[in-house]
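Enquirer: Handing you this structure, nothing more for now.
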Amino acid sequence: MSANGDRPEKRPPKRAQEEGVPLLSFQVITDTHVTSDPDHVYNRNLERALRDIADNAPASRGIMHAGDVTDHGFPDEYAEFRRIREDFKGRLPEIRFTMGNHDVGSGVWEERLARYLEAAGTSSAYHDAWIGGYHFIFLGTEEADDLFCSLSARQLDWLDAKLGEDASPDKPAFVFLHQPLKNTVAGSAEAQGWYGVMQDEELKAVLSRHRQAILFTGHTHWELGAANTFRAADERLPAMLNAASVAYLWTDDDERKEGSQGYYVDVYPGSVLVRGRDFASGTWVEGATFRIEYPVE
């Protein structure tokens, strides 16, 4: 059972794949960095990303946000985020959230956490949901830090148990965490300094037992199509993807770049199709289309 008590739904028949219709569709966005200024480029980028999804994904079952909802975690920034979300009321599916370092990294932990939880509509830094028969799991830091996240042993045990629910090698489970694991996806090389899980090896150990999972992370802002945007599953770890950023991007030349990107995800029997989307141009990102095959061997 999920955190909200819902049991896994039955998956649609295989005929859906034969007709070319995904069993489940959703989007992944991250690092929106909403400010208190409604005319700020970050805010306009979020509006454009949500408009793209509303216009192009009417069958979407959810938007998964991988953290850094706001730029500083200030009350007026969350108010502006709520205003943007309300502008799309009735046109978008539910947005589910992962906590980023900008949301809770500085200031009084209890106050910042409370503001984030209220905006996210959840009661815990980590939570899960079943959507269309598939498990969606959201992790989050339990300590304030300007850059890294800290996952308690309790949260890691919870993740291990959740990934074991209704699990099989031919059924993906989707995991979301703001910070990437060290030396995995784009921007997470140790020398770059943008990896960010204090319990890096402990989390890898849990994921190694559930290679049917797919881990989406943000934090680095690395543009889609760069080297290591996607890390395929191997004999130890599951597939992992860097989800870029809606606010602005970063390049392999270690330079900031204006832009706004995210993912459209379609689930089929036997595979998951992940397509990079450029929200600024309204086009697919060349070199950022990935198909993850199931069952995981």
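Enquirer: When only C-alpha pairs under 8 Å and at least 6 residues apart count, what is the relative contact order of the chain, in percent? Working shown, then result.
Expert: Numbers: 717 pairs, mean separation 57.5, N = 297.
Relative contact order for the chain comes out at 19 percent.
Enquirer: Here's something else I'd like to know. Rg and Dmax of segment 94-189 over Cα atoms: what are they, in angstrom?
Expert: Rg then Dmax for segment 94-189, in Å: 14.1, 44.
Enquirer: Moving on to the next point. Could you order GLU118, GLU293 by accessible surface area, starting with the largest, using a probe radius of 1.4 Å? Walk me through the numbers before you get to the answer.
Expert: On the way: GLU118 130, GLU293 110 Å².
So the residues, ranked largest to smallest area, are GLU118, GLU293.
Enquirer: Continuing with the same structure: Across the chain, how many lysine pairs, 8 or more apart or on two chains, come within less than 24 Å at their alpha-carbon atoms?
Expert: 9
Enquirer: Please grab the % of Cα pairs in segment 174-262 that end up more than 18 Å from each other. Intermediate values should be presented prior to the final figure.
Expert: Numbers: 1460 of 3916 pairs.
Cα-Cα pairs of segment 174-262 separated by over 18 Å account for 37 percent.
Enquirer: Could I ask something else about it? Using a 1.4 Å probe, what is the accessible area per residue for segment 219-297, in Å²? Walk me through the numbers before you get to the answer.
Expert: Values: 3230 Å² over 79 residues.
On a per-residue basis, segment 219-297 sits at 41 Å².
Enquirer: State the volume of the convex hull built on the alpha-carbon positions of segment 141-182, expressed per residue in Å³ and rounded to an integer. Write out the running numbers ahead of the final one.
Expert: On the way: hull volume 3.6 nm³, N = 42.
Per residue, the Cα convex hull of segment 141-182 comes to 85 Å³.
Enquirer: Scaled to the compact-protein estimate 2.2 N^0.38 Å, what is the alpha-carbon radius of gyration of segment 38-127, rounded to two decimal places?
Expert: Values: Rg = 13.2 Å, N = 90, 2.2 N^0.38 = 12.2 Å.
This ratio for segment 38-127 stands at 1.08.
Enquirer: Evaluate the Kirkwood expression for the hydrodynamic radius of segment 216-297, namely the inverse of the mean inverse distance over all pairs of different C-alpha atoms, and round to one decimal in Å.
Expert: Numbers: mean 1/r = 0.0758 Å⁻¹.
With all distinct Cα pairs of segment 216-297 included, I get 13.2 Å.
Enquirer: State log₁₀ I(q)/I(0) for segment 84-140 at q = 0.13, 0.18, 0.21, 0.28 Å⁻¹ as given by the Debye formula over alpha-carbon point scatterers of equal weight, solvent excluded.
Expert: -0.40, -0.72, -0.90, -1.15
Enquirer: Can you tell me the alpha carbon radius of gyration of segment 191-242 divided by the globular rule-of-thumb value 2.2 N^0.38 Å? Could you put the intermediate results ahead of the total?
Expert: Values: Rg = 11.5 Å, N = 52, 2.2 N^0.38 = 9.9 Å.
Segment 191-242 yields a ratio of 1.16.
Enquirer: Mind listing the phi-derived Karplus ³J(HN,Hα) values for segment 182-190, rounded to whole Hz, using 6.51, -1.76 and 1.60 with θ = phi - 60°, and x for any glycine or proline?
Expert: 5, 6, 10, 9, 3, x, 9, 4, 4
Enquirer: From the alpha carbon gyration tensor of the chain, can you work out the equivalent ellipsoid semi-axes (sqrt of 5 times each eigenvalue) and give them in Å, largest to smallest? Before the final figure, lay out each step's value.
Expert: Numbers: eigenvalues 132, 98, 79 Å².
Each semi-axis is the square root of five times an eigenvalue, giving 26, 22, 20 Å.
Enquirer: Moving on. Just need the Rg to Rh number for segment 58-101, please, alpha carbons only, Kirkwood Rh. Please report the intermediate quantities before stating the final value.
Expert: Details: Rg = 11.4 Å, Rh = 11.4 Å.
Value, to two decimals: 1.00.
Enquirer: With an 8 Å Cα cut-off and a minimum separation of 6 or more residues, compute the relative contact order for segment 65-163 in percent. Write down the numbers at each step before the final one.
Expert: Working: 123 pairs, mean separation 25.7, N = 99.
Relative contact order for segment 65-163 comes out at 26 percent.
Enquirer: Ok, one more. For the chain, give the percent of accessible area contributed by carbon and sulfur heavy atoms, probe 1.4 Å, rounded to a whole number. Kindly include the intermediate steps, with their values, before the conclusion.
Expert: Working: 5710 of 12290 Å².
Ligands and nucleic acids excluded, carbon and sulfur give 46 percent.
Enquirer: Right, next: Evaluate the Kirkwood expression for the hydrodynamic radius of segment 141-297, namely the inverse of the mean inverse distance over all pairs of different C-alpha atoms, and round to one decimal in Å. Don't skip to the answer; put the middle values down first.
Expert: Details: mean 1/r = 0.0625 Å⁻¹.
This gives a value of 16.0 Å.
The values are calculated or read from the model by the stated rules, or taken from the named source; none is laboratory data. Remember, predicted model here, so these are calculated numbers, not experimental data. Ligands, DNA and RNA are excluded from the accessible area calculation, which covers all protein heavy atoms including side chains. Shrake-Rupley method; radii C 1.70, N 1.55, O 1.52, S 1.80 Å.
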